[in-house]
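This report concerns only the one structure given below.
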Amino acid sequence: MAEKRELRQAVGNWVAGETFFDRESELAAFMELLEEGANVLLVAARRTGKTSLMREAALHLGEQMASVFVDLEGSETPEDAIVAIGAATHSHQGLFRRTLEFFRNAVPPELKLDELTLRLRDEVRGDWRAKGDRLLALLARDERPVVIFLDEVPILVNRLVCDPRGELRPEGRAAADGFMSWLRSAAQRHQGKLRFVLSGSIGLGPVLRRVGLSATLNGFTPFVLEPWPDDVAQRCLLALARNYGVDLAGGAAGAMTARLGCCIPHHVQLFFSHVRDDARRRATHVVTPIDADRVYDERLLGNRGHAMLSHYEERLRQVLDPSHRDLAADLLTEAAVTGRLVSPAAIALAAEHVAGDSGAALDEVLGVLEHDGYIAREGASYVFVSKLVRDWWRARFGFRWTPVVERPR
Ligand SMILES: Nc1ncnc2c1ncn2[C@@H]1O[C@H](COP(=O)(O)OP(=O)(O)OP(=O)(O)O)[C@@H](O)[C@H]1O
Ligand SMILES: [Mg+2]
């Protein structure tokens, strides 16, 4: 595919079409899976472009398949999720017609989205499983196979599992099991007609593992989206630079990807937007590696960077048991300050934080941190995957930290 001549910068929300860069091979492999009829679990570290990949795939599915994109960020119950699925058909003429058949009483076909949502809410009340089954059965009658992209599933499941403070609800496991098992059996029942893609900004695996429900993901094929390789990230930076008349001189693009360490697309875009803004303030269009370094230290690691990156801290709070959160934060601070987390330090921190089986707690916390892309194994220790996240974590939490090995015994 030819390189986009005009790549507009986009920092924040998902991208598709004109703002979507690269990912040709990932997109092809992802769509092939859907064409084969697989139900997919799309996994990646935070801000890697999961939502964007789904949105872009929906644009390309075109003629052979219909698709709806459902964001469950605002859903608190299975009823909400079913309403969201029905409402998501609103922008899709063919599928919307099916949704209209869902209502026992006739409804006008020119229903606005908010009216549709209200009516769906009424209709779904009662036995959500039966209502959900009926809605999906109607969608499955479409002439073409239908892809249902469900984004932020882990946020909904997490709300079912625990209260807003993060404590497990007594009925949480059963509620999560109810929803996930329903989804799984619907996927099986409508095999060949419907396929589901599950994703979210926190890992669904760790959320389900916490309550012993990993098996509900059997039948979903994992699709792992990796960060960009350095050369792709550099091409993206150069395409952005071309479009905005910025000259990344003297290998500045390479210097930028080297500082990031791991080219999470969102971080690449964020870095470019700061570099461009900085050049504008200096009334120049030339950016050297020295400028890029300065922007990294002053801006990306400064207050503005904190605001953008604080979601790493927040999302972690959402997946971890309250009793494990401080341990997770301290493990990350130790790794950020010393450069790597070695096992004696990790064991000592776990013993400090957890009364009882601190080994099991440590395994669980490390599992979550690894799954969600914060740290990775390197030899016998753990290191941050992203230098930016590491530097940011150190800038924010490292000042008052004494590395475990330097502490008086
Ligand atoms: N293919 C791409 N081309 C250009 N920029 C991208 C691409 N994919 C992701 N980005 C950048 O990353 C940002 C986040 O993208 P997106 O919301 O799709 O990621 P995500 O993995 O769904 O994030 P989260 O973990 O928060 O759910 C975008 O605003 C954009 O800056
Ligand atoms: Mg997303």
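Only the coordinates and a few stated rules stand behind these numbers; no lab work does. All figures in this text were calculated on a predicted structure; none of them were measured in a lab. With ideal geometry, Cβ positions are generated from the backbone for all residues, glycine too; neighbour counts draw on all protein chains shown.
Data overview
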| quantity | calculated |
| --- | --- |
| Test item: Cα-centred dipole of the chain, Lys/Arg +1 and Asp/Glu -1 on Cβ, debye | 380 |
| Test item: Cα-centred dipole of segment 313-395, Lys/Arg +1 and Asp/Glu -1 on Cβ, debye | 340 |
| Estimated FRET transfer efficiency when R0 is 30 angstrom, pair Leu113-Glu63 (beta carbons, to 0.05) | 0.75 |
| Antiparallel DSSP beta bridges within segment 17-224, as percent of all bridges there, nearest 5 | 5 |
| C-alpha center-to-center spacing [segment 142-158, segment 310-345] in angstrom | 31 |
| Of all DSSP beta bridges in the chain, antiparallel share, percent nearest 5 | 25 |
| Charge context of His266, other residues only, Cβ under 12 angstrom, K/R +1, D/E -1 | +3 |
| Residue (of Leu320, Val405, Ser386) at the positive-pole extreme of segment 312-406, dipole from beta-carbon charges | Ser386 |
| Cβ-based charge dipole, segment 230-300, positive-most Cα from Asn243, Ala253, Phe271 | Asn243 |
| Highest to lowest packing among 31-37, 340-346, 369-375, scored as the average C-beta count within 10 Å | 369-375, 340-346, 31-37 |
| Value at 222 nm in deg cm²/dmol, rounded to 500, when DSSP H runs of n ≥ 4 in the chain each add -39,500 (n - 2.57) | -17000 deg cm²/dmol |
| Segment 46-108 - charge dipole about Cα centre, Lys and Arg +1 at Cβ, Asp and Glu -1, debye rounded to 20 | 160 |
